[in-house]
Amino acid sequence: MRLLRFSLAAMFLLFCAGPAAAQRYTATQQGEIIEIVDTTADMRVEVVPSMSNAWRIRVKGHDLVRTSATLEAFKANPGYNGMPLLAPFANRLDQTAFYANGQKYNFDLELGSVRGPIPSTGFVNGTKDWQLVEFKADDTGAWVICRLDFYKNPRFLQQWPFAHTITMTYKVSDGALEVRTRLDNMSAEPMPVVFGYHPIYELPDGTRNDWTVSVDAATHWIEIPQRLPTGETQPIEKFFNADRTAIQLKNYALIDDVFTGLIRDANGRATMKLMGGGKELQVSLGPKYGTVLLWSTPLTAAAPGGRGGAPGARGGGPGRAGGAAQAPAPSGPFPVDPAQGVRVAPPAVPLPEGATPSGKGFIAFEPMVAITNALNLAHAGVYKDLQSVAPGASWEESFWITTKGY
């Protein structure tokens, strides 16, 4: 009888524990996609390994980042959809050349991967040369790791003569997506670290005019209209004329600005929040990310019969060239007159009466290691926080995406 009671009790415990014992995290391959899932949080991330780009990031069926209509469209032209990596440099330079270790390096504009007179956003986004390293799940989370052997591509090295590899890890754990980046410098000189990411976020409810933003940053870098910093800074509250934790997007036209002086928590993370309709999306930057760029365009009227809603091109010229090579452009430097600096965020322009918005709107919280034009501003002695990775050494950092109220 004692043995029977023990057996029945064991069977009852197994029955009760069955659903709870199901694996919380999974990592599976579905054709060209690796999907990593946190089933408890219902967070699903679909990564295209050959591009190391998460083309869809969803929580409870809601997309967190802008994505393409189909996977095929995404692979053909990812643009700023998914999780674009801006490398080896992020955002703009004031000439078709950059300085590193006291040496000037001129871009080869005939390659078509860099355009002038203001180069922008690097040139690796969209490449399909990434290698799948691993995808796996255990009781700590699910992850996928991809590596780009930058040094193997002669055209890459012609524009950025530092042999290195880039390793990206996407990991879901405890309701958060971590995006970790590692650089391994294989060159004989220190390599500057100036990359960034360009995820475009939106909320499932309402539009840009209903959303509020909170920014853990103290300092705004004053820029000319071509979005190049003048070297002057001011408090973030002076730029927005608002509390940095309650920035109402409806009050502003184009925002495309760089912020530093990140305000860190006990873990060294600075958090940006997008809030509206009882939902909140948070992006937290690790200590080595010294800059966040905010980009948001105002709502526009829908064109008759048009789909609308897609973000427009960034100011300062495109970053990646498609099709035929571009004619050489002036090498610069582009004139940056502090008198042209935009010190106050431009006010919103109301839509015409009766007009309907072309889309929901968006905001990009862009994690950047350094400010726009950091390479050349550091050479000029204006920017003091340029990071580098020594020969044979590595650089590594993460940012995290979480939600509330979904």
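No lab work stands behind these numbers, since they all come straight from the coordinates. What you see is a predicted model, and the numbers here were worked out from it, not measured in a lab. Quick reminder, even Gly has a Cβ in these numbers, built from the backbone with ideal geometry, and neighbours come from all protein chains shown.
I need R208, R147 ordered by Cβ neighbour count within 10 Å, fewest first.
R147, R208
Pairs exceeding a 26 Å alpha-carbon distance, out of K75/K273; K75/K136; K238/K273; K75/K152: K75/K273.
Size estimate for the chain follows the Kirkwood approach: the inverse of mean 1/r over distinct Cα pairs works out to 22.5 Å.
Of Y80, Y289, Y99, the residue with the greatest mean-square motion in the GNM of the chain, using alpha carbon springs below 10 Å, is Y99. Here the extension length gained between T28 and A73 equals 14.0 nm, from 0.36 nm per residue of separation less the Cα-Cα distance. Our estimate of slack between V382 and K250, defined as 0.36 nm per intervening residue step minus the Cα-Cα distance, is 44.2 nm. Computed from Cα positions, the angle between helix 2-20 and the longest principal axis of the chain comes to roughly 20 degrees.
Model label sites at A390 and K404, defined 7 Å from Cα along the beta-carbon direction, differ in position by 4.1 nm. Of A345, A73, A390, which has the largest mean-square fluctuation in a 10 Å C-alpha GNM of the chain? Highest fluctuation of the listed residues: A73. Close amide H pairs (under 5 Å, H built 1.01 Å from N) link N91 with T121, G122, residues at least 5 positions away or on another chain.
Fully extending the segment from T356 to M186 would add 55.9 nm, taking 0.36 nm per residue of separation and subtracting the current Cα-Cα distance. With each label modelled as a point 7 angstrom along the Cα→C-beta vector, the Q340-D129 pair spans 3.4 nm.
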